[in-house]
1. To the nearest 0.05, what FRET efficiency results for B:Glu239 and A:Tyr204 with a Förster distance of 25 Å applied to their C-beta separation?
2. Report the normalised scattering of chain B as log10 I(q)/I(0) at q = 0.07, 0.12 Å⁻¹, calculated by the Debye formula with identical scatterers on the alpha carbons.
3. For n ≥ 4 DSSP H runs only, could you compute -39500 (n - 2.57) per run for chain A, divide by its residues and tell me the 222 nm figure to the nearest 500?
4. Would you please put B:228-238, B:204-214 in order of how densely packed they are, using the mean number of other Cβ atoms within 10 angstrom per residue and starting with the highest?
5. Which angle from 0 to 90°, rounded to the nearest 10, does the C-alpha axis of helix A:39-48 make with the longest principal axis of chain A?
6. Can you tell me how chain A classifies by the Cα gyration tensor, rounded, prolate or oblate, using a/c under 1.5 as the rounded cut?
7. For segment B:72-141, what log10 I(q)/I(0) values come out of the Debye formula at q = 0.14, 0.15, 0.17, 0.25 1/Å, with one point per alpha carbon and no solvent?
8. How many Cβ atoms of partner chains, on average, are near each residue of B:198-211 if near means within 10 Å of its Cβ?
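Values quoted throughout were computed directly from the atomic coordinates according to the rules given, and no laboratory measurement underlies them. Keep in mind it's a predicted model, so treat the numbers as computed, not measured. Here the Cβ positions follow ideal geometry from the backbone for every residue, glycine too, while neighbour counts run over all protein chains shown.
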Amino acid sequence: MSSDEFFEPELETLPRPQLRALQEERLLANLPHIYEGAPFVRELWDKAGVTPRDISSLDDFRERAPFMSKDDIRRFRAERGDPFGGLLASPGRQTTVLSTSGSTGEVTLYAHEWREVHPYWATIARSFWHIGVRPGDVVLGTAHCVRGPMYHAERLCGATTLHVPTVGVGNWVGAEEAIQRFRPVYGQLTGIGVAELDRLSDRYDMTELLSSFKGVGFAGEPLSPGVRAKVEGWGLEVFNWTQCGDVISAWECRMHDGCHAWEDHVLIEAIDPDGSEPVAEGELGELVATSLTDLVTPMVRFRSGDLVRMTTDPCGCGRTHARFSTVGRTTDQTVVGGRAFTPLDISACLEDIRETSGAVFQIVRAGREVERFTLRVGYAPDRTDSVERVRDSVLDRVREKVGVVPDIEMLPDVELLASGRGGKLQRLVTR
Amino acid sequence: MSADRTTDMIDPPSAAAARAFPAPEVLAISAYPTPSGLGYFEYGAQDRTDDVAWLRPALRRHGVGDGNVLALAPLQETVWFDPVLTAVRELGSPYSMTDNYTFDAFRNLVYIRQLGVRVMLGLTGQVAEALGEDLAEVVASVPTILARPDACEIVEQAGGRPFVFTPVGPALAVECPERAGAHVNGEIWDVAVDVDGEVRLTTVGRRLHHVSDLWTGVAAQVRRGECGCGESGPRLVLEPPRLTHPR
């Protein structure tokens, strides 16, 4: 039964020894089915000389179970013509087959079995409840179905979803009238959405317009301190959320000190990005995820490519599930003349300049380590009197703060935003 | 705990937690176009139940239940698509979803090529155009396509024979295999055509939101009488296709 604080108090605050016991129970129950049903898992484990009979504890699993990566799955798919990359462990049990957005190129299929509530969105009800969504509230509906029916989350909380036809992916264009009329308590933003709201701020008192909101979610790319500060400046509490290794989502709580992974649904590890050993808590590691409740296309020791710092330290919100902060992707870094930087570093530079404060940009490069690269920068035409002056400001800021000198292409932000997919602007472009 | 836990995990514990308090009577607030802007309306749990019951046989006639379904189901149109997808689930077809954005057109091809699709629901003109030459492959691969009016001519030019599938104000019209017009649920709605040839919608059954003589932006003729498919509600024979929900 839900409490005032927690949607599922028993599970959300399960003491860690019991949480670990629950994880072990689910993992050991699932592994035989997954090994028998998913051809890629069986092949991978056979190659490693491991079977489920060799795993009798979480420790055994961490010691012996092989890792899998997105490239492994794609390779299996390409070689065998298996659309699920060999991960379909329960053929015929799919209710939905959805996919990743493909914003970085390839699409990965995943399937779930469910009857009334899609499991991905079911656990998000925990976070919505925490943010303050309650029966009778209105939630501003999101507009990208790539992960399925987000409205299941608010429905579970007893709330009503407001669908505004002009609202796009992570942006709230045209939603002003609906917001003023129906007073939603939650909405979803991406980087593109914040850029759109930034433009609205020229015409509206944003604090007044958004005064009904108890919080907003932000996902799709790393949340820079500048973007968070901008949104908070409008009176909104921002809850960053992310994928947990393509298994389930993970959300910030009110403490805003990392995203809670729902460890009753996923077993997470932080592993040396260049090796296979776990890193100490708080150290930089690659997020590895194993599904505990999905028997249709389960991930097993999936190396996500996300660089994280993880902790199981007690959280001020009362939940006992581990938290992690995503620093970036293993492929996010660009190295120019020996100096490494990430898109977040560039974002911080652009947010300081009024004409580019929406941080609409792309890094165009030939590879990870280059001698030169191009920075494609979107400027707000209605705020810009001299494109050349803005260009010079960008160059100075990037040289000063990041220590690199890019070639710069300036174009109106709406033009650059139009090239985005899935509510995200691809930050790294290979040319 | 048994190894086969799939049954245990249908509808996770979070769903059970939600049953501790009443489900919202108003599931959604959505909008249809009117001459003076957007007309917002409430959509209720009973509305959804009634819509699912009507859609199940309508979709079954098109082969839903016999294979994979691909629905171009924008979340902004949840009130129209949620009952459709619920009916699809109840009929036993696995389904995938894509969006009405040109950037998402390619994912339709991914599902069609990798999974095989028996029925495609809700193809829009925007996505049909974005598919370009690949639309011919879609038409050749997918046995049944239910398309928005603005997509029908494009699909026909690519060699297809789509059925009409379109929101009409707060209602939904679905053409049956008899190809005698797109049905609306006669238990809930009645339709008439005004002097300009535009369809006007009136609520005649149980509904949270009632309309009377509502302008819908759809140009059509109305047919009445029992259809060969067994449905007896009014049917809309659309005039040259137009976009019913401009974005």
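1. Computed FRET efficiency for B:Glu239 and A:Tyr204 comes out at 0.05.
2. These q points yield log10 I(q)/I(0) values of -0.24, -0.70.
3. The per-residue figure over chain A is -8500 deg cm²/dmol.
4. Per-residue mean Cβ counts within 10 Å order the peptides as B:228-238, B:204-214.
5. That helix lies at roughly 70 degrees to the long axis.
6. oblate
7. Here the Debye-derived log intensity ratios amount to -0.42, -0.48, -0.62, -1.22.
8. For this peptide, the per-residue mean of nearby foreign Cβ atoms is 0.
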